[in-house]
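Student: This is the structure I have questions about; it appears just below.
The values are calculated or read from the model by the stated rules, or taken from the named source; none is laboratory data. Remember, it's a predicted structure, so these values are computed and weren't measured experimentally. Cβ sites come from the backbone with ideal geometry, for glycine too, and all protein chains shown count toward neighbours.
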Amino acid sequence: MNAEEIKGFFAERNQLNMDDYLELEYYLECVGDIKASLAHFCSEQSTAQWSRIGFDEDFRKSYGAKVINWRMLEELTELSYPVEHAAEGKIHACRVTIAHPHGNFGPKLPNLITAVCGEGTYFTPGIPLVKLLDISFPENYLAKFEGPKFGIEGIREMLGAYDRPIFFGVVKPNIGLQPEHFAELAYQSWLGGLDIAKDDEMLADVEWSTTKERTELLGRARIKAEELTGDKKIYLANITDEVDNMIKQHDVAVANGANALLLNTMPVGLSAVRMLRKHTKVPLIGHFPFIAAFSRLEKYGVHTKVITKLQRLAGLDAVIMPGFGNRMMTPEQEVRENIEVCMNDMGKLKRSLPVPGGSDSALTLESVYRKVGSVDFGFVPGRGIFGHPMGPKAGASSIRQAWDAIEKGQSLDSYAETHPELMAMLDK
(Lines give C-alpha, C1' and ligand atoms only; values in the text may rest on other atoms or scores of the structure.)
Protein backbone atom coordinates (compact mmCIF):
# COMPACT_ATOMS: atom_id res chain seq x y z
CA MET A 1 0.00 0.00 0.00
CA ASN A 2 1.08 3.56 -0.64
CA ALA A 3 0.63 6.36 1.87
CA GLU A 4 -2.77 7.40 0.49
CA GLU A 5 -4.07 3.85 0.54
CA ILE A 6 -2.90 3.39 4.13
CA LYS A 7 -4.63 6.61 5.16
CA GLY A 8 -7.99 5.19 4.02
CA PHE A 9 -7.93 2.68 6.88
CA PHE A 10 -7.47 5.26 9.64
CA ALA A 11 -10.15 7.55 11.08
CA GLU A 12 -10.91 9.71 14.09
CA ARG A 13 -13.76 8.51 16.28
CA ASN A 14 -15.66 11.76 15.79
CA GLN A 15 -15.54 11.25 12.02
CA LEU A 16 -17.62 8.09 12.28
CA ASN A 17 -21.19 7.32 13.30
CA MET A 18 -20.22 4.81 15.97
CA ASP A 19 -23.73 3.31 15.94
CA ASP A 20 -22.62 1.65 12.70
CA TYR A 21 -19.53 0.02 14.18
CA LEU A 22 -18.35 -2.58 16.63
CA GLU A 23 -15.26 -1.57 18.61
CA LEU A 24 -12.51 -4.17 18.75
CA GLU A 25 -9.47 -4.05 21.02
CA TYR A 26 -6.46 -6.04 19.82
CA TYR A 27 -2.94 -6.74 20.99
CA LEU A 28 -0.71 -7.08 17.93
CA GLU A 29 2.92 -7.80 17.24
CA CYS A 30 3.79 -6.07 13.98
CA VAL A 31 6.85 -6.65 11.80
CA GLY A 32 8.07 -3.75 9.65
CA ASP A 33 6.13 -0.52 9.14
CA ILE A 34 3.45 -0.32 11.85
CA LYS A 35 0.90 1.85 10.03
CA ALA A 36 1.15 -0.24 6.87
CA SER A 37 0.62 -3.40 8.94
CA LEU A 38 -2.41 -1.89 10.65
CA ALA A 39 -3.89 -0.84 7.31
CA HIS A 40 -3.46 -4.40 6.01
CA PHE A 41 -5.07 -5.66 9.25
CA CYS A 42 -8.20 -3.57 8.62
CA SER A 43 -8.25 -4.39 4.94
CA GLU A 44 -7.95 -8.13 5.40
CA GLN A 45 -10.81 -8.35 7.94
CA SER A 46 -13.18 -6.18 5.90
CA THR A 47 -12.96 -4.99 2.28
CA ALA A 48 -9.66 -6.61 1.21
CA GLN A 49 -9.54 -5.29 -2.39
CA TRP A 50 -11.71 -2.20 -2.10
CA SER A 51 -12.45 -1.43 -5.77
CA ARG A 52 -12.78 -3.09 -9.14
CA ILE A 53 -10.09 -2.63 -11.74
CA GLY A 54 -11.06 0.17 -14.09
CA PHE A 55 -13.80 1.64 -11.85
CA ASP A 56 -13.64 4.86 -9.87
CA GLU A 57 -14.97 3.52 -6.56
CA ASP A 58 -13.81 2.96 -3.00
CA PHE A 59 -15.68 0.65 -0.64
CA ARG A 60 -13.52 1.58 2.35
CA LYS A 61 -15.64 4.54 3.41
CA SER A 62 -18.74 2.42 4.14
CA TYR A 63 -17.37 -1.11 4.50
CA GLY A 64 -13.77 -0.79 5.61
CA ALA A 65 -12.62 -1.49 9.16
CA LYS A 66 -10.69 1.49 10.48
CA VAL A 67 -8.04 2.15 13.10
CA ILE A 68 -9.43 4.75 15.50
CA ASN A 69 -6.69 4.50 18.11
CA TRP A 70 -3.33 2.80 18.43
CA ARG A 71 -0.19 2.96 20.49
CA MET A 72 3.14 1.23 20.35
CA LEU A 73 3.80 -0.58 23.61
CA GLU A 74 7.42 -1.61 23.08
CA GLU A 75 9.99 -2.68 20.55
CA LEU A 76 10.79 -6.40 20.75
CA THR A 77 13.92 -8.29 19.81
CA GLU A 78 11.79 -11.26 18.73
CA LEU A 79 8.16 -12.33 18.56
CA SER A 80 6.66 -13.51 21.85
CA TYR A 81 5.97 -16.90 20.22
CA PRO A 82 7.85 -18.24 17.19
CA VAL A 83 5.70 -17.96 14.06
CA GLU A 84 6.95 -18.45 10.52
CA HIS A 85 6.28 -15.31 8.49
CA ALA A 86 7.56 -13.44 5.45
CA ALA A 87 7.66 -9.87 6.80
CA GLU A 88 10.97 -8.21 7.56
CA GLY A 89 11.89 -5.31 9.83
CA LYS A 90 11.65 -4.23 13.43
CA ILE A 91 9.10 -5.89 15.70
CA HIS A 92 6.71 -3.77 17.75
CA ALA A 93 4.05 -4.73 20.26
CA CYS A 94 0.96 -2.55 19.77
CA ARG A 95 -2.47 -1.99 21.26
CA VAL A 96 -5.06 -0.99 18.64
CA THR A 97 -8.76 -0.09 18.57
CA ILE A 98 -10.59 -0.99 15.37
CA ALA A 99 -14.01 0.27 14.33
CA HIS A 100 -15.57 -2.49 12.23
CA PRO A 101 -18.88 -1.77 10.42
CA HIS A 102 -21.41 -4.34 11.59
CA GLY A 103 -23.36 -3.92 8.37
CA ASN A 104 -20.70 -6.16 6.83
CA PHE A 105 -22.17 -9.20 8.59
CA GLY A 106 -25.35 -8.21 10.46
CA PRO A 107 -26.65 -9.77 13.70
CA LYS A 108 -25.30 -13.24 12.85
CA LEU A 109 -22.76 -14.68 15.26
CA PRO A 110 -20.98 -17.03 12.83
CA ASN A 111 -20.46 -14.14 10.43
CA LEU A 112 -19.38 -11.77 13.20
CA ILE A 113 -16.74 -14.26 14.37
CA THR A 114 -15.61 -14.85 10.80
CA ALA A 115 -14.89 -11.13 10.49
CA VAL A 116 -13.20 -10.37 13.81
CA CYS A 117 -11.47 -13.74 14.41
CA GLY A 118 -11.18 -15.08 10.91
CA GLU A 119 -8.63 -15.65 8.18
CA GLY A 120 -8.10 -11.97 7.47
CA THR A 121 -7.49 -11.14 11.12
CA TYR A 122 -5.05 -13.94 11.99
CA PHE A 123 -3.26 -14.16 8.62
CA THR A 124 -2.52 -10.49 7.99
CA PRO A 125 0.87 -9.85 6.35
CA GLY A 126 3.15 -8.17 8.86
CA ILE A 127 1.17 -9.19 11.96
CA PRO A 128 2.14 -12.72 13.04
CA LEU A 129 0.65 -12.44 16.56
CA VAL A 130 -2.88 -11.26 17.33
CA LYS A 131 -5.05 -11.37 20.45
CA LEU A 132 -8.61 -10.04 20.46
CA LEU A 133 -8.87 -8.45 23.90
CA ASP A 134 -12.37 -6.98 23.92
CA ILE A 135 -15.42 -6.29 21.82
CA SER A 136 -18.06 -3.60 22.36
CA PHE A 137 -21.46 -3.36 20.70
CA PRO A 138 -23.60 -0.27 19.99
CA GLU A 139 -27.15 -0.26 21.32
CA ASN A 140 -28.72 -0.67 17.88
CA TYR A 141 -26.74 -3.88 17.28
CA LEU A 142 -27.54 -5.31 20.73
CA ALA A 143 -31.23 -4.63 20.09
CA LYS A 144 -31.21 -7.34 17.40
CA PHE A 145 -30.38 -10.05 19.97
CA GLU A 146 -32.72 -11.55 22.56
CA GLY A 147 -30.01 -12.51 25.06
CA PRO A 148 -30.80 -14.60 28.16
CA LYS A 149 -34.43 -15.65 28.52
CA PHE A 150 -34.22 -16.03 32.33
CA GLY A 151 -30.95 -14.51 33.52
CA ILE A 152 -30.03 -14.15 37.18
CA GLU A 153 -33.44 -12.96 38.28
CA GLY A 154 -35.26 -15.74 36.44
CA ILE A 155 -33.08 -18.47 37.95
CA ARG A 156 -33.57 -16.99 41.43
CA GLU A 157 -37.33 -16.89 40.90
CA MET A 158 -37.38 -20.55 39.78
CA LEU A 159 -35.57 -21.57 42.96
CA GLY A 160 -37.04 -19.02 45.36
CA ALA A 161 -33.41 -18.31 46.30
CA TYR A 162 -32.56 -14.69 47.01
CA ASP A 163 -29.79 -12.80 48.79
CA ARG A 164 -27.30 -15.65 48.54
CA PRO A 165 -25.25 -17.51 45.93
CA ILE A 166 -26.86 -20.27 43.87
CA PHE A 167 -25.40 -23.63 44.90
CA PHE A 168 -24.59 -26.04 42.07
CA GLY A 169 -23.09 -29.50 42.37
CA VAL A 170 -21.43 -31.62 39.68
CA VAL A 171 -22.49 -35.23 40.30
CA LYS A 172 -19.38 -37.40 40.69
CA PRO A 173 -18.15 -39.85 39.49
CA ASN A 174 -18.85 -38.02 36.26
CA ILE A 175 -18.23 -40.95 33.91
CA GLY A 176 -19.29 -44.55 34.49
CA LEU A 177 -22.26 -44.26 36.85
CA GLN A 178 -25.43 -46.09 35.91
CA PRO A 179 -28.41 -43.70 35.80
CA GLU A 180 -30.03 -45.08 38.97
CA HIS A 181 -26.83 -44.51 40.97
CA PHE A 182 -26.40 -41.06 39.44
CA ALA A 183 -29.98 -40.15 40.38
CA GLU A 184 -29.52 -41.30 43.97
CA LEU A 185 -26.42 -39.13 44.44
CA ALA A 186 -28.21 -36.11 43.03
CA TYR A 187 -31.23 -36.78 45.24
CA GLN A 188 -29.08 -36.94 48.37
CA SER A 189 -27.36 -33.67 47.47
CA TRP A 190 -30.72 -31.95 47.01
CA LEU A 191 -31.79 -33.18 50.44
CA GLY A 192 -28.63 -31.64 51.87
CA GLY A 193 -29.51 -28.21 50.49
CA LEU A 194 -28.13 -28.11 46.95
CA ASP A 195 -30.08 -25.94 44.49
CA ILE A 196 -28.85 -27.42 41.22
CA ALA A 197 -27.51 -30.92 40.60
CA LYS A 198 -25.87 -31.11 37.22
CA ASP A 199 -24.49 -33.49 34.67
CA ASP A 200 -20.77 -33.09 34.13
CA GLU A 201 -19.85 -31.46 30.83
CA MET A 202 -18.28 -34.79 29.79
CA LEU A 203 -21.51 -36.74 30.35
CA ALA A 204 -24.06 -36.58 27.56
CA ASP A 205 -26.17 -39.13 25.68
CA VAL A 206 -24.22 -42.41 25.87
CA GLU A 207 -25.29 -46.05 25.66
CA TRP A 208 -24.74 -46.79 29.34
CA SER A 209 -26.52 -43.60 30.46
CA THR A 210 -28.87 -42.32 27.80
CA THR A 211 -30.41 -38.86 28.04
CA LYS A 212 -33.85 -40.48 28.12
CA GLU A 213 -33.17 -42.87 30.99
CA ARG A 214 -31.07 -40.48 33.05
CA THR A 215 -33.49 -37.56 32.79
CA GLU A 216 -36.47 -39.76 33.64
CA LEU A 217 -34.82 -40.83 36.89
CA LEU A 218 -33.42 -37.41 37.74
CA GLY A 219 -36.73 -35.71 36.95
CA ARG A 220 -38.54 -37.96 39.41
CA ALA A 221 -35.80 -37.57 42.02
CA ARG A 222 -35.96 -33.79 41.72
CA ILE A 223 -39.72 -33.71 42.31
CA LYS A 224 -39.36 -36.08 45.27
CA ALA A 225 -36.65 -33.87 46.78
CA GLU A 226 -38.82 -30.80 46.33
CA GLU A 227 -41.74 -32.49 48.09
CA LEU A 228 -39.57 -33.62 50.99
CA THR A 229 -37.64 -30.37 51.51
CA GLY A 230 -40.28 -27.84 50.49
CA ASP A 231 -37.64 -26.11 48.33
CA LYS A 232 -37.48 -25.80 44.56
CA LYS A 233 -34.67 -27.70 42.87
CA ILE A 234 -33.11 -27.77 39.40
CA TYR A 235 -31.75 -30.73 37.48
CA LEU A 236 -29.28 -29.42 34.91
CA ALA A 237 -29.03 -31.97 32.07
CA ASN A 238 -26.23 -31.87 29.51
CA ILE A 239 -27.65 -32.02 25.97
CA THR A 240 -24.39 -31.29 24.13
CA ASP A 241 -24.59 -33.25 20.89
CA GLU A 242 -24.43 -32.92 17.13
CA VAL A 243 -26.33 -29.75 16.31
CA ASP A 244 -29.03 -31.50 14.29
CA ASN A 245 -29.86 -33.66 17.33
CA MET A 246 -29.97 -30.95 20.00
CA ILE A 247 -33.62 -29.95 19.66
CA LYS A 248 -34.60 -33.61 20.08
CA GLN A 249 -32.31 -33.96 23.10
CA HIS A 250 -33.81 -30.78 24.54
CA ASP A 251 -37.36 -32.01 24.13
CA VAL A 252 -36.66 -35.42 25.68
CA ALA A 253 -34.81 -33.95 28.67
CA VAL A 254 -37.40 -31.26 29.41
CA ALA A 255 -40.34 -33.64 29.02
CA ASN A 256 -38.69 -35.94 31.57
CA GLY A 257 -38.17 -33.23 34.19
CA ALA A 258 -34.86 -31.54 33.44
CA ASN A 259 -35.68 -27.91 34.17
CA ALA A 260 -32.40 -26.43 32.95
CA LEU A 261 -29.99 -27.51 30.22
CA LEU A 262 -26.21 -27.54 29.96
CA LEU A 263 -24.43 -26.77 26.69
CA ASN A 264 -20.72 -26.96 25.95
CA THR A 265 -20.82 -23.62 24.23
CA MET A 266 -17.87 -23.55 21.87
CA PRO A 267 -18.02 -27.23 20.82
CA VAL A 268 -21.66 -26.85 19.69
CA GLY A 269 -21.25 -23.24 18.56
CA LEU A 270 -22.81 -19.96 19.58
CA SER A 271 -25.34 -20.20 16.78
CA ALA A 272 -26.60 -23.51 18.20
CA VAL A 273 -27.04 -21.79 21.57
CA ARG A 274 -29.05 -19.04 19.92
CA MET A 275 -31.19 -21.64 18.13
CA LEU A 276 -31.99 -23.36 21.43
CA ARG A 277 -32.68 -20.05 23.15
CA LYS A 278 -35.51 -19.48 20.67
CA HIS A 279 -36.89 -22.98 21.25
CA THR A 280 -36.54 -23.51 24.99
CA LYS A 281 -38.73 -22.70 27.97
CA VAL A 282 -36.03 -23.54 30.55
CA PRO A 283 -32.72 -21.84 31.38
CA LEU A 284 -29.65 -22.55 29.27
CA ILE A 285 -26.30 -22.77 31.04
CA GLY A 286 -22.98 -22.78 29.21
CA HIS A 287 -19.79 -24.62 30.06
CA PHE A 288 -16.25 -23.77 28.96
CA PRO A 289 -14.70 -26.72 27.06
CA PHE A 290 -12.43 -25.58 24.20
CA ILE A 291 -12.28 -21.97 25.45
CA ALA A 292 -8.80 -22.33 26.97
CA ALA A 293 -7.54 -23.43 23.56
CA PHE A 294 -8.44 -19.97 22.25
CA SER A 295 -7.52 -17.91 25.26
CA ARG A 296 -4.72 -19.21 27.47
CA LEU A 297 -1.76 -17.60 25.71
CA GLU A 298 -1.37 -14.04 26.94
CA LYS A 299 -0.41 -12.61 23.56
CA TYR A 300 -2.29 -14.72 21.06
CA GLY A 301 -5.88 -15.85 20.50
CA VAL A 302 -9.06 -14.45 22.04
CA HIS A 303 -9.53 -13.14 25.57
CA THR A 304 -12.07 -15.11 27.60
CA LYS A 305 -14.17 -12.01 28.30
CA VAL A 306 -14.88 -11.72 24.56
CA ILE A 307 -16.21 -15.28 24.58
CA THR A 308 -18.21 -14.56 27.75
CA LYS A 309 -19.84 -11.53 26.12
CA LEU A 310 -20.71 -13.58 23.05
CA GLN A 311 -22.25 -16.31 25.23
CA ARG A 312 -24.47 -13.73 26.90
CA LEU A 313 -25.37 -12.29 23.50
CA ALA A 314 -26.30 -15.77 22.27
CA GLY A 315 -28.74 -16.21 25.17
CA LEU A 316 -27.09 -18.19 27.97
CA ASP A 317 -28.76 -17.60 31.33
CA ALA A 318 -25.66 -18.66 33.26
CA VAL A 319 -22.03 -19.01 32.20
CA ILE A 320 -19.79 -21.56 33.92
CA MET A 321 -16.23 -20.25 33.60
CA PRO A 322 -12.73 -20.99 34.88
CA GLY A 323 -12.67 -19.74 38.47
CA PHE A 324 -10.19 -18.59 41.08
CA GLY A 325 -7.11 -20.48 42.18
CA ASN A 326 -4.14 -22.17 40.54
CA ARG A 327 -6.17 -25.21 39.54
CA MET A 328 -7.82 -23.26 36.71
CA MET A 329 -4.64 -21.51 35.52
CA THR A 330 -6.54 -18.26 34.94
CA PRO A 331 -5.34 -14.91 36.35
CA GLU A 332 -7.60 -13.58 39.09
CA GLN A 333 -8.18 -10.32 37.22
CA GLU A 334 -9.34 -12.26 34.17
CA VAL A 335 -11.88 -14.17 36.27
CA ARG A 336 -13.15 -10.87 37.66
CA GLU A 337 -13.49 -9.43 34.16
CA ASN A 338 -15.55 -12.42 33.04
CA ILE A 339 -17.83 -12.02 36.04
CA GLU A 340 -18.23 -8.31 35.28
CA VAL A 341 -19.23 -8.83 31.64
CA CYS A 342 -21.99 -11.18 32.81
CA MET A 343 -23.30 -8.38 35.01
CA ASN A 344 -22.58 -5.12 33.19
CA ASP A 345 -25.19 -3.25 31.15
CA MET A 346 -25.56 -4.66 27.62
CA GLY A 347 -28.52 -2.83 26.17
CA LYS A 348 -31.75 -4.61 27.08
CA LEU A 349 -30.07 -7.97 27.62
CA LYS A 350 -30.65 -9.64 30.97
CA ARG A 351 -27.68 -10.42 33.19
CA SER A 352 -26.21 -13.90 32.98
CA LEU A 353 -25.36 -15.65 36.24
CA PRO A 354 -21.57 -16.00 36.47
CA VAL A 355 -20.44 -19.39 37.77
CA PRO A 356 -16.67 -19.39 38.41
CA GLY A 357 -15.58 -22.93 39.18
CA GLY A 358 -12.66 -25.22 39.85
CA SER A 359 -11.95 -27.49 42.85
CA ASP A 360 -14.30 -25.64 45.18
CA SER A 361 -15.76 -26.78 48.50
CA ALA A 362 -17.12 -25.36 51.73
CA LEU A 363 -13.56 -24.27 52.47
CA THR A 364 -13.32 -21.96 49.43
CA LEU A 365 -16.81 -20.43 49.49
CA GLU A 366 -15.91 -17.35 51.50
CA SER A 367 -12.87 -16.62 49.35
CA VAL A 368 -14.93 -16.83 46.14
CA TYR A 369 -17.68 -14.65 47.65
CA ARG A 370 -15.19 -11.95 48.67
CA LYS A 371 -13.53 -11.97 45.25
CA VAL A 372 -16.83 -11.81 43.36
CA GLY A 373 -17.98 -8.97 45.61
CA SER A 374 -21.69 -9.84 45.64
CA VAL A 375 -24.07 -12.77 46.10
CA ASP A 376 -24.86 -12.87 42.39
CA PHE A 377 -22.84 -15.90 41.43
CA GLY A 378 -23.13 -19.65 41.19
CA PHE A 379 -20.89 -21.85 43.33
CA VAL A 380 -20.14 -25.19 41.70
CA PRO A 381 -18.25 -27.86 43.70
CA GLY A 382 -17.92 -31.41 42.44
CA ARG A 383 -15.84 -33.55 44.76
CA GLY A 384 -16.40 -30.86 47.42
CA ILE A 385 -19.92 -32.32 47.67
CA PHE A 386 -19.82 -35.79 46.17
CA GLY A 387 -16.43 -36.64 47.65
CA HIS A 388 -17.46 -35.63 51.18
CA PRO A 389 -16.50 -38.36 53.67
CA MET A 390 -20.07 -38.50 55.01
CA GLY A 391 -21.69 -38.60 51.56
CA PRO A 392 -23.31 -36.09 49.18
CA LYS A 393 -26.12 -35.06 51.53
CA ALA A 394 -23.51 -34.02 54.09
CA GLY A 395 -21.40 -32.47 51.34
CA ALA A 396 -24.25 -30.21 50.29
CA SER A 397 -25.02 -29.43 53.94
CA SER A 398 -21.40 -28.38 54.48
CA ILE A 399 -21.77 -25.79 51.70
CA ARG A 400 -24.92 -24.35 53.23
CA GLN A 401 -23.30 -24.35 56.69
CA ALA A 402 -20.30 -22.47 55.30
CA TRP A 403 -22.68 -19.85 53.90
CA ASP A 404 -24.51 -19.61 57.23
CA ALA A 405 -21.16 -18.98 58.93
CA ILE A 406 -20.37 -16.20 56.45
CA GLU A 407 -23.75 -14.55 57.00
CA LYS A 408 -23.30 -14.72 60.78
CA GLY A 409 -19.74 -13.44 60.64
CA GLN A 410 -18.30 -16.56 62.24
CA SER A 411 -15.17 -18.44 61.29
CA LEU A 412 -15.54 -21.88 59.74
CA ASP A 413 -13.61 -23.39 62.63
CA SER A 414 -15.97 -22.04 65.29
CA TYR A 415 -19.14 -22.76 63.29
CA ALA A 416 -17.96 -26.32 62.58
CA GLU A 417 -17.85 -27.10 66.30
CA THR A 418 -21.62 -27.61 66.22
CA HIS A 419 -21.93 -28.72 62.58
CA PRO A 420 -20.34 -32.14 61.93
CA GLU A 421 -20.71 -31.95 58.14
CA LEU A 422 -18.59 -28.80 58.00
CA MET A 423 -16.17 -30.21 60.57
CA ALA A 424 -15.64 -33.28 58.36
CA MET A 425 -14.54 -31.02 55.51
CA LEU A 426 -12.16 -29.15 57.77
CA ASP A 427 -10.71 -32.42 59.00
CA LYS A 428 -10.39 -33.70 55.42
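Student: Being farther than 19 Å from T97 by Cα and in a helix (DSSP H, G or I) is the filter here, so list the residues in the range 128-175 that pass it.
Tutor: N140, L142, G151, I152, E153, G154, I155, R156, E157, M158, L159
Student: Report, ordered by the first and then the second residue, all pairs with beta carbons closer than 9 Å, sequence separation of six or more or different chains, a first member in the range 151-176 that is within 20 Å of L316 (Cα to Cα), and a second member that is in a strand (DSSP E or B) and among the polar types (S, T, N, Q).
Tutor: Pairs found: none.
For every residue, the table says whether it meets (1) touching a residue at least 40 places away in the same chain (Cβ under 8 Å); (2) surrounded by 14 or more Cβ atoms within 10 Å (Cβ to Cβ); (3) within 24 Å of L310 (Cα to Cα); (4) within 35 Å of the chain's Cα centre (by Cα).
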site	(1), (2), (3), (4)
E5	no, yes, no, no
E12	yes, no, no, yes
N17	no, no, yes, yes
Y26	yes, yes, yes, yes
V31	yes, yes, no, yes
L38	yes, yes, no, yes
G54	no, no, no, no
E57	no, no, no, no
I68	yes, yes, yes, yes
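Student: Looking at the range 245-261 only, could you name the residues that are hydrophobic (A, V, I, L, M, F, W, C), free of Cβ contacts under 8 Å to residues at least 40 places away in the same chain and in contact with a strand residue (DSSP E or B) (Cβ under 7 Å, 6 or more places away or on another chain)?
Tutor: L261, the sole residue that qualifies.
Student: I would also like to ask the following. Restricting attention to the range 190-197, does a residue exist that is assigned to a loop (DSSP other than H, G, I, E, B), within 25 Å of the chain's Cα centre (by Cα) and within 25 Å of A292 (Cβ to Cβ)?
Tutor: Checked the range 190-197: no residue is assigned to a loop (DSSP other than H, G, I, E, B), within 25 Å of the chain's Cα centre (by Cα) and within 25 Å of A292 (Cβ to Cβ).
Student: Something else: Between E227, E242, E216, which is over 25 Å from the mean Cα position of the chain (by Cα), more than 26 Å from M328 (Cα to Cα) and without any contact (Cβ under 8 Å) to a residue 24 or more places away in the chain?
Tutor: The unique qualifying residue is E227.
Student: Among the numbered criteria (1) surrounded by fewer than 21 Cβ atoms within 10 Å (Cβ to Cβ); (2) assigned to a helix (DSSP H, G or I); (3) within 12 Å of the chain's Cα centre (by Cα), which single criterion is violated by P289?
Tutor: (2)
Student: OK, next. Being surrounded by 22 or more Cβ atoms within 10 Å (Cβ to Cβ), part of a strand (DSSP E or B), at pLDDT 95 or above and aliphatic (A, V, I, L, M) narrows it down to one of L203, L261, L218, so name that one.
Tutor: None of the other options fit; the residue is L261.
Student: Consider G147 against the criteria (1) of a type in the set (G, A, S); (2) out of contact with any helix residue (DSSP H, G or I) (no Cβ under 7 Å at 6 or more places or on another chain); (3) on the phi > 0 side of the Ramachandran plot: it satisfies all of them except one. Which criterion is unmet?
Tutor: (2)
Student: Of the residues P381, P389, which is crowded, with 16+ Cβ neighbours inside 10 Å, assigned to a loop (DSSP other than H, G, I, E, B) and not charged (D, E, K, R)? Full working, then the answer.
Tutor: Values: P389 fails: crowded, with 16+ Cβ neighbours inside 10 Å.
Just a single option satisfies the conditions, and that option is P381.
Student: A further question follows. I'm told G118 meets every condition in (1) over 27 Å from K350 (Cα atoms); (2) crowded, with 21+ Cβ neighbours inside 10 Å; (3) not β-branched (V, I, T) except one. Can you identify the failing condition by its number?
Tutor: Looking at each condition in turn, G118 falls short on (2).
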